[in-house]
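Reading through the structure tokens given below for one structure.
The values are calculated or read from the model by the stated rules, or taken from the named source; none is laboratory data. Bear in mind the structure is a predicted one, so any value in this text is a computation, not a measurement. As a convention, Cβ positions derive from the backbone with ideal geometry for all residues, glycine included, and neighbour counts pool all protein chains shown.
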Amino acid sequence: MKANYGYTDGSGDYYITIETEGCLKCTEHDCVDACPQDVFAIIEDDYDDLVAAVVEEHRRSLAYVCSECKPASDPPPLPCVEACPQNAISHSW
Amino acid sequence: MTENKQEFWRWSEYNWRDENKDWREGNIVTAGIDVGSVSSQAVICVDGELYAFNNVRTGSNSPDSARRALEGALKDTGMTRDDINFVVGTGYGRVNVPFADKAVTEIACHARGANFMAGNEVRTILDMGGQDCKAIHCDEKGKVTNFKMNDKCAAGTGRGMEVLADLLEVPVTEIGEMSFQVDEEPPPVSSTCVVFAKSESMALLKDGWPKSKVLAAYCAAMAQRVASLLESVGMQEKFFITGGIAKNRGVVERIEKILGVKAIQTKFDSQIAGALGAALFAKTLYEKRQAKGVA
């Protein structure tokens with residue numbers, strides 16, 4: 001499943017996409033620890049699979065929560081994207 | 001002295017049951033309770049077939065709304081809560097359904113409900129809820145393969161339409177029809193935010209626009225908004241719309257025009273898709289438990 005967590009507001013689209021098929025092949029779940037803002041958690045989804053998800057409390061504030069990892073100039077690779085061995089995480093902005 | 005003001009946003013609560021069916025002849029009775037931000041539905045299924053449902057407005061207390069929804073569905077059936085084998089709660093208040101055996105997200109439930117209502121060829125579902133909007137892709141079994149929602153803003157939602165109904169003093173159920181009573185289609189209101197769109201609509205009324213033209217402009221803006229959400233996940237036929245706004249021709253036909261796709265029409269009430277999906281999930285979960293010897 002392609003799970004898009006986030007929102008659109010007047011300033012743009014702020015979605016984190018998680019390809020949960022990747023989570024099914026992953027045993028490490030390094031994305032959870034890699035994020036300095038605790039954006040990710042491993043949950044049991046509606047189909048009883050253990051997958052990564054963006055936690056509820058951050059889903060409407062991603063533009064602010066993720067800003068620490070997205071400096072305006074020379075942004076480094078995102079820790080969550082780097083940590084995922086399945087390349088299952090992407091950001092829309 | 002209190003003013004007896006008519007509430008144009010208010011829609012009637014209602015229930016339904018299949019009078020040709022005797023639930024006692026069935027084996028598995030399940031219920032789905034969808035506690036949404038604006039409305040709550042309870043659906044009762046017997047052996048995976050729709051038996052009864054009830055649709056009420058959500059109050060300030062989610063558990064009470066869930067109870068009230070189920071009581072209405074049980075009305076005149078001779079069934080009590082104890083006769084129900086498994087209950088699944090869904091919707092934004094899903095964790096506050098006190099008698100639910102499990103909570104399942106409304107995304108999964110709408111996909112499952114749409115698969116039942118519109119058939120297994122459905123691939124794209126648009127759920128236009130009370131305070132959010134979701135674009136969902138599913139497979140032939142009704143399992144979600146992709147989803148995107150916007151619940152940060154009430155634009156493109158039922159609540160936004162209710163705000164406009166009150167402003168224009170047009171019953172919310174008549175907005176769709178009235179929005180077509182225009183000589184030519186006006187440009188959409190430019191604001192996507194409900195609050196700004198309301199201000200813009202007031203300005204248009206002041207400029208002498210008839211209500212029907214303002215409604216056409218608002219429905220068009222709403223259609224544009226949700227069409228862009230759908231386009232961002234990609235349109236896959238066949239297409240089905242769930243949620244209360246699916247009953248609003250003014251929005252639905254404008255979405256179809258933008259996307260160039262006709263939405264599937266069914267005999268079912270679009271507003272119960274989430275609760276129906278929850279009741280179907282309940283059957284699967286009950287059978288799994290039975291197989292494990294837990295139920």
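Residues of the range A:1-41 that are part of a helix (DSSP H, G or I), within 12 Å of the chain's Cα centre (by Cα) and within 14 Å of chain B (Cβ to nearest Cβ): A:Thr20 alone. Residue check: is B:Thr77 polar (S, T, N, Q) and surrounded by fewer than 23 Cβ atoms within 10 Å (Cβ to Cβ)? In short, yes. For the range B:140-167, the tally of residues that are surrounded by fewer than 21 Cβ atoms within 10 Å (Cβ to Cβ), within 10 Å of chain A (Cβ to nearest Cβ) and modelled with pLDDT of 90 or more stands at 3. Scanning the range B:106-128 turns up no residue that is farther than 25 Å from B:Ser228 by Cα, touching a strand residue (DSSP E or B) at 6+ places or on another chain (Cβ under 9 Å), of a type in the set (A, V, I, L, M) and crowded, with 23+ Cβ neighbours inside 10 Å. Taking residues in the range B:207-223 that are closer than 14 Å to B:Val194 by Cα, and partners anywhere that are assigned to a loop (DSSP other than H, G, I, E, B) and of a type in the set (Asp, Glu), the pairs with Cβ atoms closer than 7 Å and at least 6 places apart or on different chains are B:Ala220/B:Glu185. Against the conditions (1) of a type outside the set (Gly, Ala, Ser); (2) surrounded by 18 or more Cβ atoms within 10 Å (Cβ to Cβ); (3) touching a strand residue (DSSP E or B) at 6+ places or on another chain (Cβ under 9 Å); (4) at pLDDT below 95, B:Val189 satisfies every one except (3). Taking the criterion of being touching a Lys or Arg at 6+ places or on another chain (Cβ under 9 Å), modelled with pLDDT under 95 and among the basic types (Lys, Arg), would at least one residue in the range B:1-8 satisfy it? No; the residues of the range B:1-8 include none that is touching a Lys or Arg at 6+ places or on another chain (Cβ under 9 Å), modelled with pLDDT under 95 and among the basic types (Lys, Arg).
Cβ-Cβ distances below 6 Å connect the following pairs, each with a first residue in the range A:54-83 that is farther than 13 Å from A:Pro36 by Cβ, a second residue that is crowded, with 19+ Cβ neighbours inside 10 Å and hydroxyl-bearing (Ser, Thr, Tyr), and a separation of six or more residues or different chains: A:Val54/A:Tyr5; A:Arg59/A:Tyr5; A:Arg60/A:Tyr7; A:Leu62/A:Tyr14; A:Ala63/A:Tyr14. Candidates B:Gly48, B:Gly32, B:Gly26: the one that is in contact with a Lys or Arg (Cβ under 6 Å, 6 or more places away or on another chain), at pLDDT 90 or above, closer than 22 Å to B:Lys288 by Cα and not polar (S, T, N, Q) is B:Gly48. When B:Val170, B:Val194 are checked against the criterion of being away from chain A (no Cβ under 14 Å) and either under 21 Å from B:Phe147 (Cα atoms) or in contact with a helix residue (DSSP H, G or I) (Cβ under 9 Å, 6 or more places away or on another chain) (or both), B:Val170 stands alone in meeting it.
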